[in-house]
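One structure below.
Coordinate-derived values only; no laboratory data. From a predicted model like this one, the values you see are computed outputs, not experimental measurements. For neighbour counting, all protein chains shown are included, and Cβ atoms are generated from backbone atoms with ideal geometry for every residue, glycine included.
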Amino acid sequence: MNLNIFKTISFVIVLIVCIKTEVLTNAWHILTASDFSIPEESSVFTFKVTRMNEGSGEWWLYGEDENYYYTMERTKAENPYAIISKSKARTCAHFNKLDYTTWCE
């Protein structure tokens with residue numbers, strides 16, 4: 001395979017991954033914000049912040065991926081964030097992904 005064709009194809013693949021995923025946004029936050037982290041259940045490619053902290057800290061308050069909703073507003077000692085599956089969320093009355101008080105157990 002011609003080296004130029006390989007470079008072009010590689011560039012297009014990287015460009016598509018960057019456009020179609022959250023990798024650039026998450027990488028930026030990881031590099032520039034000391035308090036930013038990706039939940040263990042998610043990945044840098046799929047985790048999407050839906051609400052950032054508006055104060056001086058640079059962490060997310062709510063996020064989601066294809067399987068879960070996450071919040072840092074309600075935490076437990078063993079985990080810095082709470083999580084609910086999207087399938088479970090569909091069974092919660094009046095569920096709001098940006099209000100953890102509506103998340104059912």
Asserting the computed 222 nm helical MRE of the chain (DSSP H runs at least 4 long, -39500 (n - 2.57) per run, divided by residue count, to nearest 500) equals -9000 deg cm²/dmol
For LYS7, counting only lysines whose alpha-carbon sits under 30 Å away and dropping same-chain residues fewer than eight positions off, the answer is LYS20, LYS48
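Give the Kirkwood hydrodynamic radius (Å, one decimal) of region 44-104, defined as one over the mean of 1/r across all pairs of different Cα atoms. Please report the intermediate quantities before stating the final value.
Working: mean 1/r = 0.0835 Å⁻¹.
So the Kirkwood estimate lands at 12.0 Å.
Taking Rh as the Kirkwood radius, which is the inverse of the mean 1/r over Cα pairs, what is the Rg/Rh value for region 3-102?
Numbers: Rg = 16.3 Å, Rh = 15.1 Å.
The Rg/Rh ratio comes out at 1.08.
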When HIS94, HIS29 are ranked with the fewest other C-beta atoms within 10 Å first, the list becomes HIS94, HIS29
Along region 49-57, Karplus-curve 3J(HN,Hα) (6.51, -1.76, 1.60; θ = phi - 60°) to the nearest Hz, with x for Gly and Pro, reads 6, 10, 7, 8, 4, 8, x, 6, x
Note, region 2-12: 3J(HN,Hα) by Karplus (6.51, -1.76, 1.60, θ = phi - 60°), whole Hz, Gly/Pro = x, goes 4, 4, 5, 5, 4, 4, 5, 4, 4, 4, 5
Residue-ordered couplings for region 94-105, obtained by feeding phi - 60° into the Karplus form 6.51 cos²θ - 1.76 cosθ + 1.60 and rounding to whole Hz (Gly and Pro as x), are 6, 4, 10, 5, 9, 8, 4, 5, 8, 7, 8, 7
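Residue separation times 0.36 nm, minus the C-alpha to C-alpha distance between ARG90 and ASN2: what's the value? Can you show the working numbers first?
Working: separation 88, 0.36 × 88 = 31.68 nm, distance 5.07 nm.
Extending this stretch completely gives an extra 26.6 nm.
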Burial-style ranking of 3-13, 82-92, average other-beta-carbon count within 10 Å with highest first, yields 82-92, 3-13
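What percent does the relative contact order of the chain come to when contacts are Cα pairs within less than 8 Å and at least six residues apart?
14 percent
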